[in-house]
Amino acid sequence: LYGMVRTTQDSDIVAEMRLEHLQPFVAALQGEFYVDDEMIAESIQRNSSFNIIHRETMFKVDVFIPRPRPFLQSQLARAQKQTFTFETEVSAKFASPEDTILSKLEWHRMGGEVSDRQWRDILGVLKTRAGELNLDYLREWAAQLKVSDLLERALKEA
């Protein structure tokens, strides 16, 4: 959405879900998507992830249920509404470019700093959004998330 165009095999979504959301969520999707309500319930309880698969295209969506923490609250508060027109108009909230960078820095660190794809995504957002990014916000949260060194390296490389 914010960086360089690349092919993708799936889509990643962060959702603040609780058990009371389970049945309406499954009911809304079960016709067009393969959904496993037991896997989803377990993911909600463990703050982990689950996936749903579009039956017609086999496109996979990974849904991450994050544990409550201050960064999540900041991400949700700063989410930006985007509208797309397919057969009908659809609106959804997306993480800001800054929060996308910070999340990818965290994933890069947790993955042992070996994912070229994550690193290219980070650099892509930094390059395409240069001059628009709130660097103070990035540095403040990078320090709290313990990824300041990665952020500074990415800023130099971009």
Review point. In the stretch 107-120, what residues are in contact (Cβ under 8 Å) with a residue 24 or more places away in the chain and either small (Gly, Ala, Ser) or in contact with a Phe, Trp or Tyr (Cβ under 7 Å, 6 or more places away or on another chain) (or both)?
Key: His108
Practice item. Select from the stretch 121-141 the residues that are basic (Lys, Arg) and either in contact (Cβ under 8 Å) with a residue 60 or more places away in the chain or surrounded by fewer than 13 Cβ atoms within 10 Å (Cβ to Cβ) (or both) and list them in ascending order. Key: Lys127, Arg129
Check your understanding: Do any residues in the stretch 29-57 that are at positive phi have Cβ atoms under 8 Å from those of residues that are surrounded by 15 or more Cβ atoms within 10 Å (Cβ to Cβ), where the two are at least six apart or on different chains, and which pairs are they?
Key -> Asn47/Ile65; Asn47/Pro66
Check your understanding: Any idea which of (1) modelled with pLDDT under 95; (2) in a helix (DSSP H, G or I); (3) over 20 Å from Gln9 (Cα atoms) is the one Arg117 doesn't satisfy?
Key -> (3)
Revision key, fill the gap. When restricted to Gln144, Gln82, Gln75, the only residue in contact (Cβ under 8 Å) with a residue 60 or more places away in the chain and touching a strand residue (DSSP E or B) at 6+ places or on another chain (Cβ under 7 Å) is Gln82
Review point. Which of the residues belonging to the stretch 121-158 are out of contact with any Phe, Trp or Tyr (no Cβ under 7 Å at 6 or more places or on another chain), within 13 Å of Thr100 (Cβ to Cβ), in a loop (DSSP other than H, G, I, E, B) and not hydrophobic (A, V, I, L, M, F, W, C)?
Key: Glu132, Asn134
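The values are calculated or read from the model by the stated rules, or taken from the named source; none is laboratory data. In this text, all values refer to a predicted model and were calculated from it rather than measured experimentally. Here the Cβ is made from the backbone with ideal geometry for all residues, glycine too, and neighbour counts use every protein chain on show.
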